[in-house]
1. For segment 74-114, compute Rh as the Kirkwood radius over C-alpha pairs and then the Stokes-Einstein diffusion coefficient at 10 °C and 1.306 mPa s; write the answer in µm²/s, rounded to an integer.
2. Excluding ligands and nucleic acids, what accessible area in Å² is computed for residue 66 using a 1.4 Å probe, to the nearest 10?
3. Expressed as a whole percentage, what fraction of the accessible surface of segment 39-178 belongs to carbon and sulfur atoms when a 1.4 Å probe is rolled over the protein heavy atoms?
4. May I ask for the equivalent-ellipsoid semi-axes of the chain, computed as the square root of five times each C-alpha gyration tensor eigenvalue and listed largest first in whole Å?
5. Among 76, 148, 51, which one shows the biggest mean-square fluctuation in a GNM of the chain, springs joining Cα atoms closer than 10 Å?
6. What is the distance in Å between the Cα centres of segment 97-130 and segment 53-91?
7. Which value, in Å², gives the accessible area per residue of the chain when a 1.4 Å probe is used on the protein heavy atoms?
8. To the nearest 10 degrees, how steep is helix 3-22 against the longest Cα principal axis of the chain, on a 0 to 90 scale?
Amino acid sequence: MNTKTLVSLSLLVGIGAVLHTVIPGFFLGMKPDMMLTMMFLGIILFPAKKNVLLLGVLTGVISGLTTQFPGGFLPNLIDKPITAFVFYGLFLATQKVTRSVIGASVLTAAGTLVSGSIFLLSAYLIVGLPGAFFALFAAVVLPATIVNAGAMFVVYPIIHSILKRSSMKEAVTTEQLS
């Protein structure tokens, strides 16, 4: 694994961790998971299985440690790696379309819906939910989907243009070939 790729992925995870920690829980301890946006961005920029696994596990651990959802550590550990590979599969299937800002945003929305569903289902099975599944889905997952898609719409072109101008372009191209 390329050192430049690791540094870039760690920066994305770090930014996601800060955003995840700063955003307050607003409905029964649940909050939009901005770490997902950074995880998805890392998968789009560095689409390799080892990167997907690394991002999924790290994002799960950090999301679990910073969650305000009661008993949310284990559901995060389950949710993020599964979501990372589902997103990766969707990305590979739609790679031509998802290289655009709109495509990346739509894929982020789909990934957020998958993540929210897996999280709520695993939380329901492991620790129980503090409310009805569909109420939590409507009150937290659907708004998080809009927030994450909007964040990707804003962040993706910025990061993409930075990578074009920097030496990271070589790391991205090399990583995609392997």
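The values are calculated or read from the model by the stated rules, or taken from the named source; none is laboratory data. Treat the numbers as computed from the prediction; the structure is a model and nothing was measured. When the accessible area is computed, the model is the full protein with side chains, heavy atoms only, and any ligands, DNA or RNA have been set aside. Shrake-Rupley method; radii C 1.70, N 1.55, O 1.52, S 1.80 Å.
1. 152
2. Using a 1.4 Å probe on the heavy atoms, I get roughly 40 Å².
3. Carbon with sulfur: 76 percent of the solvent-accessible area.
4. Computed over the chain, the values are 27, 16, 14 Å.
5. Of 76, 148, 51, the Gaussian network model singles out 51 as fluctuating most.
6. 10
7. Roughly 46 Å² per residue, with all protein chains present.
8. Between helix and principal axis, roughly 30 degrees.
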